[in-house]
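Before any comments, here is the structure.
Please treat every number below as a calculation from the coordinates, not as lab data. Everything numeric in this text was worked out from a predicted model, so none of it was measured. Neighbour counts run over all protein chains shown; Cβ positions are idealised from the backbone, glycine included.
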Amino acid sequence: MPDTYRALDRTEASLGRQVSTHSRLPRVGPLPALLCTLAAALLWWKASSHPRLGLAAWLMTALAVAAGVGLAFDVARRRLWSAVSVFEHGLLLHRATGARVLAWSEIDSLQLRREKRLRPGALGVLPGLVVLSAETEWQWVCRVRAGGRVVFELGEQLAESSALLETLKRETASLAVPRIYEEIRDGGRVVLGPLAITEAHLEVGSVLVPWVEIAEVFVAGASLRVRDHDDVERARALVEDIPNVHVVLALAEELTLQHRA
């Protein structure tokens, strides 16, 4: 029996009712890599038939081949998983190599990171030369970790899969927030990257801010920021350094309300 069907059988017993399915459709398909390959072939032909082009043509050929290989690798990497099915108690990850059942309790963290990605641009033809343009841009990536390893990531389709991201946040926070809250109520100190949370205060690096002085903990741009009742920013940390930043925000909201009462 194929792995996918075995996984589907297990989900009926362990994950409950299916809620939704989210397909992963990479925006970068095989066409850019094919265009790079064609450009490399054209440049090679130009270099062999027009010796005057010399080193410049060979260099452009090498760059086109490298671009094609890079794009093909990127497409292959992003196709490692094709879809995610959401169930009441977890996820079913569909892969080209099979499927994996992932219960909500198995997910260690959701971590947002910014990555610089190369996005192919226009393909132009000048006299005797093919020009490939590209641009780099920062993109948010949500990495889902289980057992200390990244099991899948939501990359440039974060906006398209916002429903899936919100489901992941809601379900993981519903398990993590009560557990952490119980731990700090017993005098514990929970560390999440550069942050440390206790019942009395929030530590951001070397800065300690009592909850009673905090008006709001929020995300702006690429930073998590702490603002007091005088509208003064007391501390900040990079979002990409904080695992489960959505859990931190939920805890902060609960603890600030508690100390305000």
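Observations
- For peptides 238-249, 212-223, sequence by mean Cβ density within 10 Å, most packed first: 238-249, 212-223
- About its Cα centre, the dipole of segment 187-260 is roughly 120 debye, where the only charges are +1 on Lys and Arg Cβ and -1 on Asp and Glu Cβ.
- Förster radius 30 Å - calculated FRET efficiency between Arg179 and Asp228 (Cβ-Cβ, nearest 0.05): 0.60
- Sites Ala200 and Ala83, calculated FRET efficiency, Cβ-Cβ separation with R0 41 Å, nearest 0.05: 0.35
- Here the spin labels are modelled as points 7 Å beyond Cα on the Cα-Cβ line, and at Arg113 and Ser20 they lie 2.6 nm apart.
- Based on C-alpha pairs under 8 angstrom that are at least 6 apart in sequence, segment 187-260 has a relative contact order of 26 percent.
- Model label points for His259 and Val150, set 7 angstrom from Cα along the Cα-to-Cβ axis, are 3.5 nm apart.
- When His22, His229 are sorted by how many other C-beta atoms sit within 10 angstrom of their C-beta, beginning with the fewest, the order is His229, His22.
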